[in-house]
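Report on the following structure.
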Amino acid sequence: MGRLALIARLALRDLRHRPVEALLVLIAITAATTTLTLGLVLHGTSTGHSYEQTRAATAGPDAVATDVSASYLPRVLARAKQAGVVAVGGPYPVASVLMRAHGYTAGVTAEGRDQASGPIDRPDVVQGTWVTPGGVVVERSFAAALGLSVGERVTLNGRVLRVAGIAVTAASPPYPESGFLATPLAAGDEPGLVWLTRAEAASLATPAAPLTYTVEVKLADPAATTALAGADGFTGNWTSWQAIAAEDAKEVTNEQLVLDVGSWLLGLLSVASVAVLVGGRLAEQTRRVGLLKAVGGTPGTVLLVLLAEYLMLALAATAAGLAAGRLAAPVLTSFSFFAGLQAAPADPPVTAATAALVLAAALAIAMLATALPALRAARASTVRALADAARTPARRARLTALSARLPAPLLLGLRLAARRPGRSVLSGVSVAITVTTLVTVLIYRASHGQPPPGAAAAAGGPSANPISQVMLVITVVLVVLAVVNAVFTAWATVLDARYPSALARTFGTTPSQVAAAVLAAQLLPALPGALIGVPAGVGLYAAVSNGSALTMPSDQWVAAVVAGALLAVALFTAVPARLGAHGPVAAILRSETA
Amino acid sequence: MTPLLSARAVRKTYGRGVALVRAVDEVDLDVATGETVAIMGPSGCGKSTLLHLLGGLDRPDSGQITLAGKQVSRLGERGLARMRRSAVGFVFQAFHLMDELTAVENVELPALLAGRPPRAARRRALELLDRTGLADRARFLPSALSGGQRQRVAVARALANEPLIVLADEPTGNLDSAATLDVLRLFDGLHDAGQTLVIVTHDSRIAATADRLITMRDGAFVDETRLTGGTAGSLGKLAGLES
């Protein structure tokens, strides 16, 4: 017990001694645990249950016929009178119109309704009131995408209406998938759903987009929809409630898949970040390791002290990740496909299994990143450690010979990168993961007819695809983590390059050449990382999209991602490289022999 | 005759107020081409600081340093780097060899950084290792060399770019007697070849081998002696390293 207490005390003291580094390790692991928590929490939230609740609460139809033309309507109504149908809703007049709101222009399916509720499909008004003359009710997931709230003004085909209410329905999947029941106004346009009075819906029709009708039915046996379809019943314009529920489930499954993949990518990047931080930090602790051993600490004790520090941080990151994930989950569901359902899980639970998995992931990240440098430090010679001697760098004979042909900055840069191959690999992996993610996002957007990020507003449509938004959140977190990683790899390289750089300066290498060498040492592993990221992104998308069609973004966008990643590495290295290159040569050389 | 290296009223201080340390205090020095000057004094007297100032590794607070007619103290970082590249070779007490490079790779490094073609740099490095008696150790890593051999590699490296002057900071401070004698013989050979040398040491036996001995204390020169024996004498006997 005494030994454990001593180890804990030593670990805590060191954490308090270097609070900034401890905080950065904490942030890196927390980014992964938060995303993992989000993914697991949403996994535990069944959409099937939520759809059932919505269907029950809104008297959802068992089948819906949409986009029915006036000439075809009698045949659909005749079918709705067949045996097994216990109630009919509609026919409701539907106008396909353009809506302008909050600077966006979006196609909408404007469905005319009575002010009184019908026998089936009674949308649940969650805010405001049901349709009134001059008042439009907006489906909740569509309203969330546009950022609309009750009382605001919208324009339908040039006519100004007030948002009277916001409602959910089981008769249509949430936006933007609600379009699968309607004919879009233009290719790639995903219409939202709004309700208004019958008269206003009828008045919005144009010769180019004439009025169509929606008919809904309730069956004696709701499960019999498939059988009815087989008997020439629910073909053509008819859609069963099972198809709507499946569409809901599919989209939420995709959303969860994005979170799962994002968790993995962030987890890997966290390992790289923490390994760089830990490697740099343990290099500074050589003397401390020597002192611990000199006063009787065994290699085992040293190993435990070093591991304990990072396991403590992993525990803290688990708690922080669970809390952050728990807080972020309702935010995510508010703009996700859940928004279209009545029982959107406002308070998704964090189960014991989720907490255990997140803890295991955090501990794994800490162990993977720490074990090797900690083991190396524990095995170090006590005398060398007390002298604070730097670890002898790896010799790369071929690379040394090859670099002899290069100009001074590249010669030094290549040799600097080769001195610490582990760090170079981590740096390349970090860039590869970032580029992989960005390329995957670009392919997703290209494959779904969406403009690349940043071009959405210019195109005029709402950027409301929940999967895109989840991807955006993950991408932002990932890029921030990659930036932190780049900065710390640069600092670690600069610190490691102090001695060889000072020596090179005694031979007449200029500070600019030394700074360029550090830059080269960072860019050399980043370049293959960025290039590998492109096919890796294509492979990742192909692997998770279950073989659905893949559209590559334009070459310019792919080139911009690769160039942008390299430029970012260069930018974040430039300052530490420049500062490091101007250090006092004599003092650095003296400190190496002190 | 114009000296190759000249210092006038050179001063360098560290700290402030009561903690002010005059590392180099109003020092004047002239070193002629081909001359070997030894600067001697106790630890902390400012010898190494002076050597760093003379070689452009550090800047004086005041005073002027001129090397081959160029005012070192007026040069910017780039100018100082160019001067070190072409005119100065450094030898350090701690050798400062790159652990991951072989002897020949260490020696050729300054030439490669100066932009010399790799083949020419390698040829020159091998010649220098031959001159220093290490031709058979060219492909050894520093860890496989003795202290004396490492310092000879460092001397060879200092000569890689054919410098006008070699500045040696306690070059035998980490060596045993036999290795010290090896290095002294090497310097003797350099002196005979007309190489200008400034050697900082606190070992009187080493200092006795120079053409001129300057004694330094508390940052200032306190004595200067022209030595008749110099490096032309029997080094080992003069230095008391052999019978």
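For B:Thr132, all conditions in the list (1) within 12 Å of another protein chain (Cβ to nearest Cβ); (2) farther than 19 Å from A:Leu503 by Cα; (3) among the β-branched types (Val, Ile, Thr) hold save one; what is the number of the exception?
(1)
If we keep just the residues of the stretch B:107-120 that are among the small types (Gly, Ala, Ser) and surrounded by fewer than 24 Cβ atoms within 10 Å (Cβ to Cβ), which is farthest from the other protein chains (Cβ to nearest Cβ)?
Within the stretch B:107-120, the subset among the small types (Gly, Ala, Ser) is B:111, B:114-115, B:120.
Remaining after also requiring surrounded by fewer than 24 Cβ atoms within 10 Å (Cβ to Cβ): B:114-115, B:120.
On the way: B:Ala114: 6, B:Gly115: 7, B:Ala120: 11 Å.
Result: B:Ala120.
Going by the structure shown, is B:Ala68 touching a helix residue (DSSP H, G or I) at 6+ places or on another chain (Cβ under 8 Å) and within 16 Å of B:Val200 (Cα to Cα)? Explain how you work it out, then say what you get.
Working: touching a helix residue (DSSP H, G or I) at 6+ places or on another chain (Cβ under 8 Å): yes; within 16 Å of B:Val200 (Cα to Cα): no.
No.
For the stretch B:76-106, name all the residues that are out of contact with any strand residue (DSSP E or B) (no Cβ under 8 Å at 6 or more places or on another chain), among the hydrophobic types (A, V, I, L, M, F, W, C), more than 7 Å from every other protein chain (Cβ to nearest Cβ) and within 22 Å of A:Ile588 (Cβ to Cβ).
Result: B:Leu80, B:Phe95, B:Leu97.
Among the residues that make up the stretch B:32-54, is at least one of them without any contact (Cβ under 8 Å) to a residue 24 or more places away in the chain and more than 10 Å from chain A (Cβ to nearest Cβ)?
yes
Looking at (1) free of Cβ contacts under 8 Å to residues at least 60 places away in the same chain; (2) on the phi > 0 side of the Ramachandran plot, find the lone condition where A:Ala78 falls short.
The failed condition is (2).
Scan the stretch A:89-140 for residues that are of a type in the set (Lys, Arg) and farther than 24 Å from A:Arg79 by Cα and jot them down. Steps first, answer last, please.
Step one: of the stretch A:89-140, the residues of a type in the set (Lys, Arg) are A:100, A:113, A:122, A:140.
Across the stretch A:89-140, the qualifying residues are A:Arg100, A:Arg140.
Among the residues of the stretch B:135-146, how many are surrounded by fewer than 17 Cβ atoms within 10 Å (Cβ to Cβ) and more than 9 Å from every other protein chain (Cβ to nearest Cβ)?
Keep residues of the stretch B:135-146 that are surrounded by fewer than 17 Cβ atoms within 10 Å (Cβ to Cβ), which gives B:135-136, B:139-140, B:143-144, B:146.
Now narrow it down to the ones that are more than 9 Å from every other protein chain (Cβ to nearest Cβ): B:135-136, B:139-140, B:144, B:146.
Of the residues in that region, 6 qualify.
Scan the stretch A:574-590 and report the pairs whose first residue is at the interface with chain B (Cβ under 9 Å from one of its Cβ atoms) and whose second residue is in a loop (DSSP other than H, G, I, E, B) and surrounded by 17 or more Cβ atoms within 10 Å (Cβ to Cβ), with Cβ atoms within less than 8 Å and a gap of 6+ or a chain change.
Listed by first residue and then by second, the contacts come to A:Pro584/B:Asp58; A:Val585/B:Leu57; A:Val585/B:Asp58; A:Ala586/B:Leu57; A:Ala586/B:Asp58; A:Leu589/B:Phe92; A:Leu589/B:Ala94; A:Leu589/B:His96.
Tell me the residue from A:Arg379, A:Arg395, A:Arg415 that is within 14 Å of chain B (Cβ to nearest Cβ), in contact with a helix residue (DSSP H, G or I) (Cβ under 9 Å, 6 or more places away or on another chain) and modelled with pLDDT under 85, please. First the steps, then the outcome.
On the way: A:Arg379 fails: within 14 Å of chain B (Cβ to nearest Cβ); A:Arg415 fails: modelled with pLDDT under 85.
After ruling out the rest, the residue left standing is A:Arg395.
Which ones in the stretch A:495-519 are more than 14 Å from chain B (Cβ to nearest Cβ) and at pLDDT 85 or above? Give the derivation first.
First, pick out the residues of the stretch A:495-519 that are more than 14 Å from chain B (Cβ to nearest Cβ): A:495, A:518-519.
Within the stretch A:495-519, A:Val518, A:Leu519 qualify.
The values are calculated or read from the model by the stated rules, or taken from the named source; none is laboratory data. Quick caveat: nothing in here was measured; it's all calculated off a predicted structure. Using ideal geometry, Cβ is built from the backbone for each residue, glycine included, and neighbour counts are taken over all protein chains shown.
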